[in-house]
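Visitor: This is the structure, below, for whatever I ask next.
The values are calculated or read from the model by the stated rules, or taken from the named source; none is laboratory data. Being a predicted model, the structure only gives us computed values, none of them experimental. Reconstructed Cβ throughout: ideal geometry from the backbone, glycine too, with neighbour counts over all protein chains shown. Just so you know, the surface numbers come from the protein's heavy atoms only, side chains and all, with ligands and any DNA or RNA stripped out. Shrake-Rupley method; radii C 1.70, N 1.55, O 1.52, S 1.80 Å.
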Amino acid sequence: MKKIIMFLCGFALSGLVEAGDKNLEDFAKSYFKAWQTSQSPNASKKDLEHYLSFLADDVGHQHLPYDPDDSRSPEGKEQFRKGMTYYLGTHTSYEAKLDKVVTGHNVIVITYSTSSSGKHAHTGQVINQSYDTMEVLEIDKEKVSVIRKYSK
């Protein structure tokens, strides 16, 4: 009897873990879609705010070599808003494809490929880019609390 109860408890817990992973996977896909939309040539402030709704107010961000410090900051989301607003709508073309989602305990890893063209908001220089990216997203209270971005 004891073995049956242990088996049923283990089975029930494994279902909860799978459900949690599924929720993280759905979250990752929604996060990516919001990011993708915020980068499109016709992106609006509403699109930007939708993407920002996935982030904790004190989100930390690391994107080597540009942002080497991933510390969470009380003004983290506001810094994202300021930076993304500056570049909002500067792409003349943007494509992104989500390649893979891997989930773990409060962590999501997404890999994607992008291709974009546009004028740099500050220099006016035309930029064409294609790259592969991996983002490691730490989740805290159902929000992205730290983003670590790696691109080639």
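Visitor: Rounded to a whole number, what % of the accessible area of the chain do carbon and sulfur atoms account for, probe 1.4 Å?
Guide: Numbers: 5580 of 9690 Å².
Looking at the chain in its full context, I get 58 percent from C and S.
Visitor: For segment 141-152, take each phi angle, set θ = phi - 60°, evaluate the Karplus expression 6.51 cos²θ - 1.76 cosθ + 1.60, and give the result in whole Hz per residue in order, putting x for glycine and proline.
Guide: Karplus values, whole Hz, x for Gly and Pro: 6, 6, 10, 6, 9, 9, 10, 10, 10, 10, 10, 10.
Visitor: Also, quick follow-up: Springs between alpha-carbon atoms under 10 Å, Gaussian network over the chain: tell me which of PRO41, PRO65, PRO74 tops the mean-square fluctuations.
Guide: Taking springs between Cα atoms under 10 Å, the residue moving most is PRO65.
Visitor: I want the local charge near THR37. Using Cβ-Cβ distances under 15 Å, sum +1 for each Lys or Arg and -1 for each Asp or Glu among the other residues.
Guide: Around THR37, the charge tally is +2.
Visitor: Once you list every other residue whose beta carbon is under 13 Å from the beta carbon of LYS141, what net charge do they have if Lys and Arg are +1 and Asp and Glu are -1?
Guide: Taking every other residue near LYS141 into account, the sum is -3.
Visitor: Further, regarding this structure: Pick out, from ILE110, LEU88, GLN125, the residue whose Cα sits farthest towards the positive end of the charge dipole of the chain, with +1 on the Cβ of Lys and Arg and -1 on the Cβ of Asp and Glu.
Guide: Going by the charge dipole, the pick is ILE110.
Visitor: Loop only by DSSP, 10 or fewer other Cβ within 10 Å of the Cβ. Give me the chymotrypsin sites (Phe, Trp or Tyr not before Pro) in segment 66-148 that pass, ordered by residue number.
Guide: Sparse-neighbourhood loop chymotrypsin sites (Phe, Trp or Tyr not before Pro): TYR66.
Visitor: Let me ask something additional. I'd like the Karplus ³J(HN,Hα) series for segment 103-109: coefficients 6.51, -1.76, 1.60, θ = phi - 60°, whole numbers in Hz, and an x wherever there's a Gly or Pro.
Guide: 10, x, 4, 6, 9, 10, 10
Visitor: Now a separate question. Of the listed pairs LYS22/LYS149; LYS100/LYS143; LYS22/LYS141; LYS46/LYS152, which have alpha-carbon separations greater than 18 Å here?
Guide: LYS22/LYS149; LYS100/LYS143; LYS46/LYS152, as the Cα separations exceed 18 Å there.
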